[in-house]
Amino acid sequence: MSHSVLIFGGCGFLGCHLVKHFVQTPEFASVHIISRSATRSKFHIDGAIYHTGDLTDPDLIKRLILEIKPDVIVHAATPSAVTGTRKEYELVTIRGTQNLLKISKDSKYLQAFIYTSSSTMAKGAEHLNLTEDCSLANEDPQMPPYARTKAIAEIMVLEANKPLKKPSRNSSWEGHLSTASLRFPITYGSHDTQGIPGCLNALQNRQTNTILGDGKNLWSFCSVFNAAKAHSLLASALLNPDSARPTAAGQAFNINDGHPRLFWSYARTAWKYAGHKPSLNERTWYLPAAALLVLASFLEWFYWIFTIRRKRPFKLGRQQVEYMCFTHTYCIEKARERLGFEPVDDFEGGWRRLFCGL
């Protein structure tokens with residue numbers, strides 16, 4: 001049976017890859033996108049249908065869902081983890097998700113709801129091979145607002161899980177919904193508007209010999225291919241449950257490439273394929289994490305006071321410092337077991353194709 005999918009946030013970096021993957025997956029006959037930038041986005045994918053809409057406008061979203069009649073919704077819309085403000089997180093991440101869940105449960109046709117979440121919303125500055133049952137950022141008021149609001153939104157999504165028992169072809173799904181979430185760390189690939197430009201900016205400013213922290217912290221990165229593949233696997237698992245596997249409904253799943261790497265390998269690989277060749281006598285400077293955290297906290301308060309909570313430090317906020325100085329690794333065994341997810345580990349190849357077009 002073919003299905004229809006509706007993607008919120010399908011015009012962004014990860015979103016455009018999700019759209020392309022669903023369009024190329026035979027199980028999904030129609031792929032719709034609702035985005036504020038639907039008419040002006042550079043990342044349109046042939047075969048997809050675009051609608052202009054804002055997640056914070058529930059009346060418009062309700063009309064579009066009634067018109068499209070999707071079987072599955074992918075909620076990938078989110079303010080930037082780097083430049084987003086508390087107000088945006090409250091409005092889009094929490095209130096937008098809350099409204100979308102209510103509208104979804106009112107639909108007679110909608111069966112599955114997937115939330116595109118973040119591994120980095122786990123509690124604490126350092127994450128060591130965490131599983132999905134770890135404590136989340138909503139439990140700590142000192143955690144960055146992006147992490148806390150993503151955690152709150154994911155909890156709402158998972159608590160909304162109420163699958164229809166023994167559905168038939170003509171069953172009404174009103175009042176029912178199968179929900180799940182996918183947690184991603186730093187994701188890399190084409191159309192990235194933050195990570196890669198940041199690396200190239202550092203290269204242009206000759207900042208390639210400065211390391212924040214001791215440079216030994218590991219990260220679980222995720223290619224956009226693996227991220228998109230995980231979405232379609234989860235959609236299939238929610239729409240067509242396999243009795244031979246534990247259920248995916250009501251569950252969160254860590255998704256990444258499966259092999260942790262040094263955090264600074266991300267930037268160094270980007271610099272390498274951008275043509276950078278470090279000199280043999282180049283000295284590397286290591287800036288201590290403790291001092292950087294103090295500086296980041298001061299900048300957060302400075303911006304908070306003098307911009308009336310409208311802006312955050314772009315390059316040296318506390319969240320960015322924690323990313324660059326501490327280990328963030330996550331276990332994907334649950335996704336392997338319940339979704340049949342097996343990542344393609346092609347870190348070097350992905351970067352080579354990105355920069356060299358190979």
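Report the local net charge at His328: Lys and Arg +1, Asp and Glu -1, summed over other residues whose C-beta lies under 9 Å from its C-beta. Mind showing how you got there, number by number?
On the way: positive: none; negative: Glu126, Glu322.
It works out to a net charge of -2.
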- Message: Between helix 224-239 and the chain, what is the angle of the helix's C-alpha long axis to the longest principal axis, kept within 0 to 90° and rounded to the nearest 10?
- Response: 20 degrees
- Item | aspartates and glutamates with Cα under 16 Å of Lys150, excluding same-chain neighbours fewer than 8 positions away | Glu88, Glu90, Glu132, Asp133, Glu139, Asp140, Glu159
- Which net charge results for the neighbourhood of Thr179, defined as the other residues with beta-carbon distances under 9 angstrom from its beta-carbon, given Lys and Arg at +1 and Asp and Glu at -1? 0
- Here the net charge surrounding Leu64, from other residues whose Cβ is less than 14 Å away from its Cβ (Lys, Arg +1; Asp, Glu -1), is -1
- Query: Can you list the lysines whose alpha carbon sits under 18 Å from that of Lys20, skipping same-chain ones fewer than 8 residues off?
  - Reply: Lys42, Lys229
- nm² value of the averaged projected area, convex hull over the Cα atoms of segment 34-185: 10.6 nm²
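What's the magnitude of the charge dipole for segment 86-211 around its Cα centre, counting Lys and Arg as +1 and Asp and Glu as -1 at the beta-carbon? Answer in Debye, nearest 20. Walk me through the numbers before you get to the answer.
Numbers: 15 positive and 12 negative charges, 96 e Å.
The dipole of segment 86-211 has a size of about 460 debye.
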- Helix 13-23 sits at what angle to the longest principal axis of the chain, using alpha carbons and giving 0 to 90 degrees rounded to 10? 40 degrees
- Rg and Dmax [Cα atoms of the chain; Å; Rg one decimal, Dmax integer]: 20.5, 71
- Which whole-number percentage describes the relative contact order of segment 152-251, with Cα contacts under 8 Å and a sequence gap of 6 or more? 37 percent
- Query: So which lysines pass the test for Lys216, namely a Cα distance under 22 Å, with those fewer than 8 places away in the same chain ruled out?
  - Reply: Lys123, Lys272, Lys277, Lys315
- Dipole size in debye (nearest 20) for segment 218-296 around its Cα centre, Lys and Arg Cβ +1, Asp and Glu Cβ -1? 280 debye
- Message: Using Cα-Cα distances under 8 Å and only pairs 6 or more residues apart, what relative contact order does the chain have, in percent?
- Response: 18 percent
- May I have the convex hull volume per residue, in Å³, for the Cα set of segment 1-106? 95 Å³
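Cut-off is 10 Å between beta-carbons; in what order do Trp351, Trp219 appear when sorted fewest neighbours first?
On the way: Trp351 21, Trp219 26.
Lowest count first: Trp351, Trp219.
Could you work out the relative contact order of segment 16-146? I mean the mean sequence separation of Cα pairs under 8 Å and 6+ apart, divided by the number of residues, in percent. Could the numbers behind the result be given before it?
Numbers: 136 pairs, mean separation 25.6, N = 131.
Answer for segment 16-146 is 20 percent.
Tell me, Ile255, Ile332 in order of fewest to most beta-carbon neighbours within 10 Å? It would help to have the intermediate numbers written out before the result.
Numbers: Ile255 29, Ile332 25.
Arranged by neighbour count, lowest to highest, Ile255, Ile332 become Ile332, Ile255.
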- Query: Against the longest alpha carbon principal axis of the chain, how many degrees, from 0 to 90 and to the nearest 10, is the axis of helix 58-68 turned?
  - Reply: 60 degrees
- Charge dipole of the chain about the Cα centre (unit charges at C-beta), most positive-ward option of Ala38, Tyr115, Ala290: Ala38
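Here, each number is a calculation from the coordinates, and none is a lab measurement. Just so you know, these numbers come straight off a predicted model, no measurement behind them. As a convention, Cβ positions derive from the backbone with ideal geometry for all residues, glycine included, and neighbour counts pool all protein chains shown.
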